[in-house]
Amino acid sequence: MIIAPEEYVDLKTRYGPMRTYVLSPAAAGRYPGLVLFSEIFQVTGPIRRIAAFLAGHGYTVAVPEIFHELEEGPGVVLAYDTAGADRGNSDKITKELASYDADARAVLDFLADHPSCTGKLGSIGICIGGHLSFRAAFNPDVRAAACFYATDIHKAGLGQGMNDDSLGRVGEIGGELLMIWGRQDPHIPREGRERIHAALEDAGTRFSWVEVNGQHAFGRDEGPRYDPELARQCLGHVLDLFHRRLGQGEEEMAVDSGPVETRH
């Protein structure tokens, strides 16, 4: 599907306005809604391209700036370098856990009321965003959540105080999870992945588990760790999950205006 031009809205939260970018199909209609949570670098080019990919497959996608209350203002993008990583990692453990959860709820409410959304909601996230997508699934209206190499779940390291309750709340997940990991990812070692898997099994969570021979950020289409084939495969799993759990959009058929010339 062709997608409409990117828009943005500044959502009101208890912790200040949150710039949120919105992408959706150009064709008039109503589509399932997705929250896309970014890496620690905020809404970079690779994140925007994933949002466009999802919108082009029939979803209304909202991408919030996850550190809106900590950075200088809307539109801040951290560089994929040491300084950017240090700043993003500092923000990650400075922000209050309650603020992460309030942000997720604000975007879900926005999508549920959006005129181009069917009201069926899901989430997806990358790196810290994978953890945020996992936590978004605690909301009962999230039918499906995809999590790419979700950091810090296994060691409860998200937010101020680095003592999150994500594993302790897995019993609240009513939708379906898709957990995607790279075996060569030093941030989530085997024992960490096994701890998460065991918690999901013990809670009776409905989930799929995908491990590939990839490094951290193998799905980011910038940098030396990018693996296009693994990214393609895993995004296919994501689309399978969302199509199955959220359904397809209700695109309005355009009125036939006569013959169309096609040139090859």
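The values are calculated or read from the model by the stated rules, or taken from the named source; none is laboratory data. Everything numeric in this text was worked out from a predicted model, so none of it was measured. Positions of Cβ are generated from backbone atoms using ideal geometry, with glycine treated the same way; all protein chains shown enter the neighbour counts. Calculation scope for accessible area: heavy atoms of the full protein, side chains included, ligands and nucleic acids excluded. Shrake-Rupley method; radii C 1.70, N 1.55, O 1.52, S 1.80 Å.
Restricting attention to the stretch 14-67, the residues that are acidic (Asp, Glu) and touching a Phe, Trp or Tyr at 6+ places or on another chain (Cβ under 6 Å) total 0. Residues that are polar (S, T, N, Q) and crowded, with 24+ Cβ neighbours inside 10 Å number at least 1 in the following helices (runs of 4 or more DSSP H) confined to the stretch 59-167: 128-136.
Counting residues in the stretch 35-47 that are touching a residue at least 40 places away in the same chain (Cβ under 8 Å), on the phi > 0 side of the Ramachandran plot, outside any helix (DSSP H, G or I) and surrounded by fewer than 16 Cβ atoms within 10 Å (Cβ to Cβ) gives zero. Candidates are the residues of the stretch 16-34 that are part of a loop (DSSP other than H, G, I, E, B) and in contact with a strand residue (DSSP E or B) (Cβ under 8 Å, 6 or more places away or on another chain); the one that is nearest to Leu241 (Cα to Cα) is Ser24.
When the residues of the stretch 1-15 are filtered to those that are at pLDDT 95 or above and part of a loop (DSSP other than H, G, I, E, B), the one that is most open to solvent (accessible area, probe 1.4 Å) is Lys12. When Glu222 is tested against (1) in a loop (DSSP other than H, G, I, E, B); (2) crowded, with 20+ Cβ neighbours inside 10 Å, just one condition goes unmet, and that condition is (2). One residue alone among Arg30, Arg87 is closer than 18 Å to Gly119 by Cβ, over 19 Å from the mean Cα position of the chain (by Cα), modelled with pLDDT of 95 or more and not hydroxyl-bearing (Ser, Thr, Tyr), and that residue is Arg30.
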